[in-house]
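J.: Supplied in structure tokens, the structure appears directly below.
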Amino acid sequence: NMIDRGVVFQAGDFNYHRFFNITSEHNKAYAKTLDADYYLFKDNNFSKRHMSWFKVYKLLYLLQKGYKWVLMLDGDAVVTNQEKDIIKYVKLDNTIFDIFVCSDGVDSMPWNFNCGVMLLRNSNIVKKFITNIINCNNKLHYFERNWEQNAAHDEVKFNPGAYKNKIKIYNKNLFNHNSEWIFHPCFYQNITDDEKEKYLNIKIKNPRQHLF
């Protein structure tokens, strides 16, 4: 049974709590403006893979629950512009695409996207996409970075036909990375949690401030 609304969610363990303390209230408020539900999943005992995978299992759970669409936000991603409606922006009711992401900024290949902010329509192809990522053949992705993101890239890379016209990749800073809309401080691999926290607080106060 389809639930006639969407859902926004975040997921993580105690290492994410410092970020949840900053981001959660803003993302929950954004869910409300989208008439969507909001979930914050916490699990300190998730050990079968790197913690980065926890959100993928929760994403599948919410799709199986029947939400019309899911907006998945990393623990360190925060909505800084409550006015901008992502569902209207991507024209969800009027497009062939099912997965909406931002580029990772490395190159323009059709699998070069960042998984820290993802909007997904609840469709068969999306459920297949997430299931296939979880069941990826390359077990290295379970514990080596970039974890689920590499598994997602592989899934698209090795099945290009399946996802043609299904995944829409936007500019890397539109609703991810150094965005004025959904800010996600993962600009470089070795960014520290202290730096992330500092940048999050700056951006929440002044979304238009360019950090670099």
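The values are calculated or read from the model by the stated rules, or taken from the named source; none is laboratory data. Since the model is a prediction, treat every value here as computed from it, not as a measurement. Glycine also receives a Cβ, built like all others from the backbone with ideal geometry; neighbour counts cover every protein chain displayed. Remember, those area values only see protein heavy atoms, side chains included, never the ligands or the DNA or RNA. Shrake-Rupley method; radii C 1.70, N 1.55, O 1.52, S 1.80 Å.
J.: So, Ile182, is that one over 25 Å from Asp93 (Cβ atoms) and among the aliphatic types (A, V, I, L, M) or not? Before you say what the answer is, go through the steps one by one.
T.: Working: over 25 Å from Asp93 (Cβ atoms): no; among the aliphatic types (A, V, I, L, M): yes.
Judged against the criteria, Ile182 is not a match.
J.: Quick check on my filter: what residues within segment 98-111 are crowded, with 16+ Cβ neighbours inside 10 Å and under 20 Å from Ala162 (Cα atoms)?
T.: Hits for segment 98-111 are Asp98, Ile99, Phe100, Val101, Cys102, Ser103, Trp111.
J.: If I go through segment 112-141 residue by residue, how many of them are of a type outside the set (S, T, N, Q), open to solvent by 40 Å² or more (accessible area, probe 1.4 Å) and either in contact (Cβ under 8 Å) with a residue 60 or more places away in the chain or part of a strand (DSSP E or B) (or both)?
T.: 2
J.: Out of Phe9, Phe20, Phe54, report the one residue that is surrounded by 14 or more Cβ atoms within 10 Å (Cβ to Cβ), modelled with pLDDT of 95 or more, touching a Gly at 6+ places or on another chain (Cβ under 8 Å) and within 15 Å of His184 (Cα to Cα). Let's see the steps before the verdict.
T.: Working: Phe9 fails: touching a Gly at 6+ places or on another chain (Cβ under 8 Å); Phe54 fails: within 15 Å of His184 (Cα to Cα).
When all the criteria are applied, what remains is Phe20.
J.: Separate question: Can you tell me which residue in segment 192-211 is surrounded by the most Cβ atoms within 10 Å (Cβ to Cβ), limited to those that are at pLDDT 95 or above and among the hydrophobic types (A, V, I, L, M, F, W, C)?
T.: Checked segment 192-211; the qualifying residue surrounded by the most Cβ atoms within 10 Å (Cβ to Cβ) is Leu200.
J.: Still on this structure, please answer the following. Only one of (1) among the acidic types (Asp, Glu); (2) closer than 21 Å to Thr131 by Cα; (3) crowded, with 21+ Cβ neighbours inside 10 Å fails for Asp76. Which number is that?
T.: Of everything listed in (1) among the acidic types (Asp, Glu); (2) closer than 21 Å to Thr131 by Cα; (3) crowded, with 21+ Cβ neighbours inside 10 Å, Asp76 misses just condition (2).
Condition check ((1) under 12 Å from the mean Cα position of the chain (by Cα); (2) modelled with pLDDT of 95 or more; (3) not aromatic (Phe, Trp, Tyr)) across all residues:
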| position | (1), (2), (3) |
| --- | --- |
| Lys68 | no, yes, yes |
| Thr80 | no, yes, yes |
| Ile87 | no, yes, yes |
| Lys91 | no, yes, yes |
| Gly116 | yes, yes, yes |
| Val126 | no, yes, yes |
| Lys139 | no, yes, yes |
| Trp147 | no, yes, no |
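J.: Would you check which residues across segment 1-46 are among the basic types (Lys, Arg) and over 16 Å from Gly66 (Cβ atoms) and list them?
T.: Taking segment 1-46 and keeping what is among the basic types (Lys, Arg), we get 5, 18, 28, 32, 42.
Residues satisfying the conditions are Arg18, Lys28, Lys32, Lys42.
J.: While we're on this one: Does segment 92-111 hold any residues that are outside any loop (DSSP other than H, G, I, E, B) and closer than 24 Å to His50 by Cβ, and which are they? Full working, then the answer.
T.: Pass one, segment 92-111, residues outside any loop (DSSP other than H, G, I, E, B): 92-94, 99-103.
Correct list: Ile99, Val101, Cys102, Ser103.
J.: While we're here: Does Asn176 count as under 30 Å from Gln209 (Cβ atoms) and open to solvent by less than 20 Å² (accessible area, probe 1.4 Å)?
T.: Values: under 30 Å from Gln209 (Cβ atoms): yes; open to solvent by less than 20 Å² (accessible area, probe 1.4 Å): yes.
Answer is yes for this residue.
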